[in-house]
1. (1) within 30 Å of LEU97 (Cα to Cα); (2) in a helix (DSSP H, G or I): which one isn't true of SER307, the others all being true?
2. Going by what's in this entry, would ASN99 be described as under 24 Å from PHE475 (Cα atoms) and open to solvent by less than 30 Å² (accessible area, probe 1.4 Å)?
3. Could you check the stretch 225-239 and list, in sequence order, the residues that are touching a residue at least 40 places away in the same chain (Cβ under 8 Å) and either open to solvent by 10 Å² or more (accessible area, probe 1.4 Å) or over 20 Å from GLY212 (Cα atoms) (or both)?
4. Restricting attention to the stretch 135-178, which residues are among the aromatic types (Phe, Trp, Tyr), over 17 Å from LEU108 (Cβ atoms) and either free of Cβ contacts under 8 Å to residues at least 60 places away in the same chain or surrounded by fewer than 24 Cβ atoms within 10 Å (Cβ to Cβ) (or both)?
5. Can you tell me which of SER319, SER303 is small (Gly, Ala, Ser), free of Cβ contacts under 8 Å to residues at least 24 places away in the same chain and open to solvent by 60 Å² or more (accessible area, probe 1.4 Å)?
6. Look through ALA144, ALA131 and report the one residue that is under 30 Å from ASP489 (Cα atoms), among the hydrophobic types (A, V, I, L, M, F, W, C) and over 27 Å from the mean Cα position of the chain (by Cα).
7. Residue under question is SER193, and the condition is that it be open to solvent by less than 20 Å² (accessible area, probe 1.4 Å) and assigned to a loop (DSSP other than H, G, I, E, B); does it hold?
8. Given the criteria of a type in the set (Phe, Trp, Tyr) and open to solvent by less than 40 Å² (accessible area, probe 1.4 Å), does PHE481 qualify?
Amino acid sequence: MAGTSLADQPNLSASPARLSRKSERLLLLLWLFSLPFLNPWVRGDGVGYYAFARAPLIEHRLDFTRDYQFANESFRGPRLDGNDQPKSEFRTPTGHLDNHFTVGPAILWSPFLLLAHIGVLLARTLGSSVAADGFSAPYRITMALATAFYGFLSLLLAFRLARPYVRERWALLATLSIWWASSLPVYMYFNPSWSHAHSAFVVALFLWYWHGTRSSRTLAQWSILATISGIMLSVYLANAMVLAVIAIEVIRQYYLALRPGASAAPNSTLPIPQLVLRHLLFAAVLFVCLLPTLITRYIIYGSPFESGYIPLREWNWFSPNFVAVLSSSNHGLLAWTPILFFSIAGLFIFWRWQRRAGTAFLAAFLAFYLFISCYPDWAGISSYGNRFFVSLTPLFILGLAVFFDRAAQLFRSQRAALCAAIMLLAVTTLWNAGLIFQWGSHLIPARGPVSFSEIAHNQFLVVPRQLSADLQRYFFRRKAFMKQIEERDIQQLKNNPPPP
């Protein structure tokens, strides 16, 4: 048989000690070589995310005035008056500047930024002139490195999640494919101040830990799972949909416990009182871990439950954009990152073969898909592909690994299957790299629908001509290059202003 069938797996919860360190060392080496692509700037949504780390560290309060003033022009322009002061309409009822972005990325950045701040202060005592303001190069480089590190951990954990179910080669190829053929690299390297790479990490950590403890979870493990869940929601509120895996587990546990004769059955679930205790503990620890979010919401907006986003009553609950989210030229998930078609197919295959874990994982994907489909700004405004789904990176890697594993059985030899998978990786990676270049350099609009015919024309005729020169500018004259990109973005905004 060309591939190992899921049904033939002798031990689907293999110990991490059995995982190959060779593949993990390869992933680490590739990550280290990828670090020159890091772009340490704070831009767009990243201004809000980074402000939650910078302001308390430097200003010792949630005063975002300097963050507004130091922001990129397309962010700063609408928010500041002629005196370079924030406009009154951006003040909340508590007198604070609006910042509806989440605090989770700042929490994850903080240990690294604290060390950078100590280093800058020490350097200043030795005569350095570098500014200890949170905006100078040491802070931005540290932030970007931390984001790339969390992105790498998301890939490593996803590889470990997929590895027990498939041959190692398919888990590795799936990890490499999603790494370079999805939206992840944009938010892992080019826009590191945004939250999406952090979101991929905490979701991967949550799913990996849930999966590893699902057969028998102690009170301490429930507490750890709740802590991870709290961080996951603090990083990105939409990640609440991933908790569907716990909902599926809890429903199953109560169903088994309430069956007639359940207590006398061998390997039965825990009694109802013990289940309730564990689930109440989970809820209590989750609430405690959400306190940073609730407290900052209260300080900024006057209510711990005010998100600052579009109110839920204005969502498209009765007219979800199911088709557009996947296929629209306005950042449709599959239209922009077609490799995910195979990942989603793999999730359905996984559900068919492994009902317990597969049902939970598929439920998480479908819940997230429904949630984004109902969100009025489902396209992500300025987004590469549909950036919201970067959170589901570990599910996409698992699904793609399973797809590779099952598809390999259709080939006459392992070598032919491997060559086909490598070819798919190469083609989708090259296409994605060209499309990232078009989007990042504003050859195509960063916001709104794009022309697929224009994209195809650029991929074959424009990108090959400009890529080499622009890469040199990116690596060696980055500040001027980023300024030019910002000017192009402002011009596109003037020509096509967003709807009010």
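The values are calculated or read from the model by the stated rules, or taken from the named source; none is laboratory data. Model, not experiment: these values are computed from the prediction. A quick note on method: Cβ atoms are made from the backbone with ideal geometry, for glycine too, and the neighbour counts reach across all protein chains shown. In case anyone asks, the SASA skips ligands and DNA or RNA and just uses the protein heavy atoms, side chains included. Shrake-Rupley method; radii C 1.70, N 1.55, O 1.52, S 1.80 Å.
1. If we test SER307 against (1) within 30 Å of LEU97 (Cα to Cα); (2) in a helix (DSSP H, G or I), just (2) comes out false.
2. So ASN99 does not fit the description; no.
3. THR227, ILE231, LEU233, SER234, VAL235, TYR236, LEU237, ALA238
4. Hits for the stretch 135-178 are PHE135, TYR165.
5. From the options SER319, SER303, the qualifying one is SER319.
6. Answer to the check: ALA131.
7. In short, yes.
8. Criteria met by PHE481.
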